[in-house]
Each structure stands twice: as structure tokens, then as C-alpha cells.
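Remarks on the structure that follows.
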Amino acid sequence: MAALAVLGAGAWGTALAAALAPRQRVTLWARDAAQAQAMAQARRNARYLPEIELPHSLAITARLEEALSGAELALAAVPVAGLRELCTRLAAAGCTVPFVWLCKGFEEGSGLLPHQIVAQSPLREVRCGVLSGPSFALEVAQGLPCALTLAAADRDFARSAAALVHGARLRVYHSADLVGVEIGGAVKNVLAIAVGICDGLGLGQNARAALITRGLAEIVRLGVALGGAPETLMGLAGAGDLILTATGDLSRNRRVGLELARGRKLAEVLAGLGHVAEGVRSAGEVAKLAARRGVEMPVSDAVNAVLGGRVAPAQAAEQLLARDPRAET
């Protein structure tokens, strides 16, 4: 039985810790001591995952050193905005434990992907990678089947880390395409907002299918331009995650699009979510990155314009429909 540390007690961190606890020795770290105590006593994450009773074998702590003690692998379950700070805290704690991040998106301001953030941190010499793919936290916590991809520049580490997480209803593939997996996970959130807008406007299932397909083409174009492999972007971390996030009722990014199409203001929508919607934070960075690389991404650009208040949702849809005919690429 391996020892694992899950760092971050949001919905996804709690869900993964709960799913792994029956077959591994898992410690879940919450940065807030009051939250950690409440979860340990109630055996439930009342704020982020109230539906799930936590296994009694799952240890919960607010002490980072305690969570890392004896761990063979750490799983960083914080948003992209919190990854840099977590790396600093881990370094200050003397962490040499290999770790994998679960976040998807770009850092606001810098436009960096998670692996680039880690490369700038004191942990740049520690073996690390990303775990991504189509995964709603609630379903994982309920023990429903799920397939993910664990990618690292070090293929051997990717294989060994995947083996630690793989098992029961959780199937984990390994890959050396770190960039492809991260791009798929980041851009699909932006495109899920677009599909939510489409559905909120009542444009129909034909339009939804077209939008998902053309959105996938955008993911592949940008991913390949940055060095990702097409087969990765057509796999779990790209196409799979896009399909889930764009169509599933548990998707926060899809919900943002639905509510914007119904006329609600972005600030009001985000206040009502209670969770992070990474697509909102990533849309501007995707647009800037695509422009720098000369990659055409009209759907992503339209989402960015809607989120910025420059175009109304219905107007953005009309502009996409009015584009000139061209070869499908």
C-alpha cells in the first residue's frame, strides 16, 4: 500500500482523496485549519463536496509537513492561481516528494501553463507531472468509472506515478506529452463556455455538435503549435475532456455560458458558482497566446469577447455563423 498526499481540499482534491483512500494510505491537506478539523469530525467536506461521506481511512490535516511525511507521491489539487504559492510552501517545507498537479488552465497575467510555473519555482528539480482528463469530482468520489492521463517529461516517472493512482474504477494512462495534456485541459474550459452559450441561446443540438468539433480543431491547432502531439489532443485530455465539460450538467464552465446567454452578468454568475471556473480566467490568455503564435481560434476569441463585455452572447454567435466558407481544417 503506497502513501499519497493530496494537497488541497476543494471538490477535486477531496474527491480524488476519497477515491484513493480505500486502496492507498492517503492524507488530505487543507490549508485552512478550521476546515480540516470540521472535515475530520464530520467526515464530509460540507463546502465543496457535501454529498460524499469521507472514508474513515482518509487522514485529514492542516499541517503540510504531516501530509508529506512518508508520502511517495503528492497530488497538488489547487487552482492554477494557487500553484505558484503551493510550490513555494512545499519548498519551504523541504519537500523532495515527487508531485503531480491536477489544475487546468493558464496563470493570469503571465499566461504560463502549470509546468512552466513549476519550472520557475524552487521545485524545478523535483520529479513532477500533470494528471488530467474528463473527470467530474462528484462522480469520481461516488466511485463511478473514470479514465485519466498522467503526463510527465520523464516517461519513467509518468509510468510509475500513473501506477500509484491507477486502480478500481480509476483508469490512468501515462504519457510523455506534458504540453499536449496541459493545452487540452486548459483550452477545453474556454470552449465549454462557448457551448454553454450555444445551448443557453437555444441554437440546437446540431449547432452544439458543430461547435464542439470546431472547438476541438482549435485545441489541436494551438497544441501542435506549442509542441503537443495530435494524438494526445484527440485523446482523453483533449477531446475527452472537451466533450465532458461542454455537455455535462456538472460543468462549471458550461454553466457560466448558459447563464451569460440568459442575460446574467458575469460577476453575478461567478458569485453564484461557489467554485472556480478556470475557463473565465484562461480565455484572455488563450487569445493572447494564439495571437502570438499566429493560430486562428475564432470560437475562443468569441468567448473572450463575451467575457470582456465587448460583444453580447447572441451577437458573438451571429458573428461566428457569418464567417466565410472555407476548407475544413
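The values are calculated or read from the model by the stated rules, or taken from the named source; none is laboratory data. Owing to the predicted nature of the structure, the values given are computational and were not obtained by experimental measurement. All Cβ positions, even for glycine, are placed from backbone atoms using ideal geometry, and neighbour counts span all protein chains on display. Areas reflect the complete protein model, heavy atoms only, side chains present, ligands, DNA and RNA absent. Shrake-Rupley method; radii C 1.70, N 1.55, O 1.52, S 1.80 Å.
Out of the range 260-312, which residues are in contact with a Leu (Cβ under 9 Å, 6 or more places away or on another chain), under 17 Å from Gly111 (Cα atoms) and open to solvent by 60 Å² or more (accessible area, probe 1.4 Å)?
Arg293
Check Glu108, Glu65, Glu85 and return the single one that is open to solvent by 70 Å² or more (accessible area, probe 1.4 Å), modelled with pLDDT of 95 or more and closer than 21 Å to Arg281 by Cα. Break it down into steps so the answer makes sense when it comes.
Numbers: Glu108 fails: modelled with pLDDT of 95 or more; Glu65 fails: closer than 21 Å to Arg281 by Cα.
Going through Glu108, Glu65, Glu85 in turn, the sole match is Glu85.
From the list Cys95, Cys87, which residue is under 20 Å from Thr27 (Cα atoms), assigned to a loop (DSSP other than H, G, I, E, B) and among the hydrophobic types (A, V, I, L, M, F, W, C)? Show your work before the answer.
Working: Cys87 fails: assigned to a loop (DSSP other than H, G, I, E, B).
Only one candidate passes the filter, namely Cys95.
Report whether or not Gly235 is over 30 Å from Glu125 (Cβ atoms) and either among the β-branched types (Val, Ile, Thr) or open to solvent by less than 50 Å² (accessible area, probe 1.4 Å) (or both).
Working: over 30 Å from Glu125 (Cβ atoms): no; either among the β-branched types (Val, Ile, Thr) or open to solvent by less than 50 Å² (accessible area, probe 1.4 Å) (or both): yes.
So Gly235 does not fit the description; no.
Against the definition (open to solvent by less than 30 Å² (accessible area, probe 1.4 Å) and touching an Asp or Glu at 6+ places or on another chain (Cβ under 6 Å)), how does Gly180 come out, yes or no?
On the way: open to solvent by less than 30 Å² (accessible area, probe 1.4 Å): yes; touching an Asp or Glu at 6+ places or on another chain (Cβ under 6 Å): no.
So Gly180 does not fit the description; no.
Quick one: in the range 1-35, which of the residues that are in a loop (DSSP other than H, G, I, E, B) and more than 21 Å from the chain's Cα centre (by Cα) is farthest from Leu73 (Cα to Cα)? Steps first, please.
Taking the range 1-35 as the starting set, the residues that turn out to be in a loop (DSSP other than H, G, I, E, B) are 1-2, 8-10, 21-24, 30-32.
Checking the rest, the ones that are also more than 21 Å from the chain's Cα centre (by Cα) come to 1-2, 21-24, 32.
Working: Met1: 12, Ala2: 9, Ala21: 14, Pro22: 16, Arg23: 15, Gln24: 11, Asp32: 22 Å.
Here the answer is Asp32.
Yes or no: Ala217 out of contact with any Phe, Trp or Tyr (no Cβ under 9 Å at 6 or more places or on another chain), within 16 Å of Ala151 (Cα to Cα) and either open to solvent by 20 Å² or more (accessible area, probe 1.4 Å) or of a type outside the set (Lys, Arg) (or both)? Show your work before the answer.
Numbers: out of contact with any Phe, Trp or Tyr (no Cβ under 9 Å at 6 or more places or on another chain): yes; within 16 Å of Ala151 (Cα to Cα): no; either open to solvent by 20 Å² or more (accessible area, probe 1.4 Å) or of a type outside the set (Lys, Arg) (or both): yes.
Spelling it out, it is not the case that Ala217 is out of contact with any Phe, Trp or Tyr (no Cβ under 9 Å at 6 or more places or on another chain), within 16 Å of Ala151 (Cα to Cα) and either open to solvent by 20 Å² or more (accessible area, probe 1.4 Å) or of a type outside the set (Lys, Arg) (or both).
Among the numbered conditions (1) under 21 Å from Ala314 (Cβ atoms); (2) touching an Asp or Glu at 6+ places or on another chain (Cβ under 8 Å); (3) buried (at least 21 other Cβ atoms within 10 Å of the Cβ), tell me where Gly228 comes up short.
Answer for Gly228: the failing condition is (1).
Here's the yes/no breakdown for (1) touching a residue at least 40 places away in the same chain (Cβ under 8 Å); (2) farther than 20 Å from Leu148 by Cβ; (3) open to solvent by 60 Å² or more (accessible area, probe 1.4 Å); (4) not aliphatic (A, V, I, L, M):
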| residue | (1), (2), (3), (4) |
| --- | --- |
| Leu7 | yes, no, no, no |
| Trp29 | no, yes, no, yes |
| Ala33 | no, yes, yes, no |
| Ala36 | no, yes, no, no |
| Ala40 | no, yes, no, no |
| Ala46 | no, yes, yes, no |
| Arg89 | no, yes, yes, yes |
| Ala92 | no, yes, yes, no |
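I'd like to check something: does the range 157-168 contain any residue that is in a loop (DSSP other than H, G, I, E, B) and open to solvent by 60 Å² or more (accessible area, probe 1.4 Å)? Give the steps one after another, and end with the answer.
First, the residues of the range 157-168 that are in a loop (DSSP other than H, G, I, E, B): 166, 168.
Going one step further and asking which of them are open to solvent by 60 Å² or more (accessible area, probe 1.4 Å), we end up with 166, 168.
Scanning the range 157-168, I find at least one residue that is in a loop (DSSP other than H, G, I, E, B) and open to solvent by 60 Å² or more (accessible area, probe 1.4 Å), so the answer is yes.
Hey, can you tell me all the residues within the range 313-329 that are of a type in the set (A, V, I, L, M) and either touching a residue at least 24 places away in the same chain (Cβ under 8 Å) or surrounded by 14 or more Cβ atoms within 10 Å (Cβ to Cβ) (or both)?
Within the range 313-329, Ala314, Ala316, Ala317, Leu320 qualify.
Going through Ala3, Ala21 one at a time, which residue ends up being surrounded by 20 or more Cβ atoms within 10 Å (Cβ to Cβ) and in contact with a strand residue (DSSP E or B) (Cβ under 9 Å, 6 or more places away or on another chain)?
Details: Ala3 fails: surrounded by 20 or more Cβ atoms within 10 Å (Cβ to Cβ).
Answer to the selection: Ala21.
Please go through the range 299-329 and pick out each residue that is within 21 Å of Glu285 (Cβ to Cβ), outside any helix (DSSP H, G or I) and not charged (D, E, K, R).
Gly308, Gly309, Val311
Pull out all pairs, ordered by first then second residue, where Cβ-Cβ is under 8 Å, the residues are six or more apart or on different chains, the first lies in the range 48-68 and is under 13 Å from Leu4 (Cβ atoms), and the second is assigned to a loop (DSSP other than H, G, I, E, B) and β-branched (Val, Ile, Thr).
Listed by first residue and then by second, the contacts come to Leu68/Val97.
Assess whether Leu144 counts as being in a loop (DSSP other than H, G, I, E, B) and either open to solvent by 60 Å² or more (accessible area, probe 1.4 Å) or aliphatic (A, V, I, L, M) (or both).
Details: in a loop (DSSP other than H, G, I, E, B): yes; either open to solvent by 60 Å² or more (accessible area, probe 1.4 Å) or aliphatic (A, V, I, L, M) (or both): yes.
Spelling it out, Leu144 is indeed in a loop (DSSP other than H, G, I, E, B) and either open to solvent by 60 Å² or more (accessible area, probe 1.4 Å) or aliphatic (A, V, I, L, M) (or both).
Checking the structure you have, find out if any residue of the range 165-178 is without any contact (Cβ under 8 Å) to a residue 40 or more places away in the chain, over 22 Å from Ala71 (Cα atoms) and either touching a Phe, Trp or Tyr at 6+ places or on another chain (Cβ under 6 Å) or of a type in the set (Gly, Ala, Ser) (or both). Break it down into steps so the answer makes sense when it comes.
Going residue by residue through the range 165-178, those that are without any contact (Cβ under 8 Å) to a residue 40 or more places away in the chain are 166, 171, 174, 176.
Remaining after also requiring over 22 Å from Ala71 (Cα atoms): 176.
Narrowing the set further to residues that are either touching a Phe, Trp or Tyr at 6+ places or on another chain (Cβ under 6 Å) or of a type in the set (Gly, Ala, Ser) (or both) leaves 176.
Yes, that holds for at least one residue.
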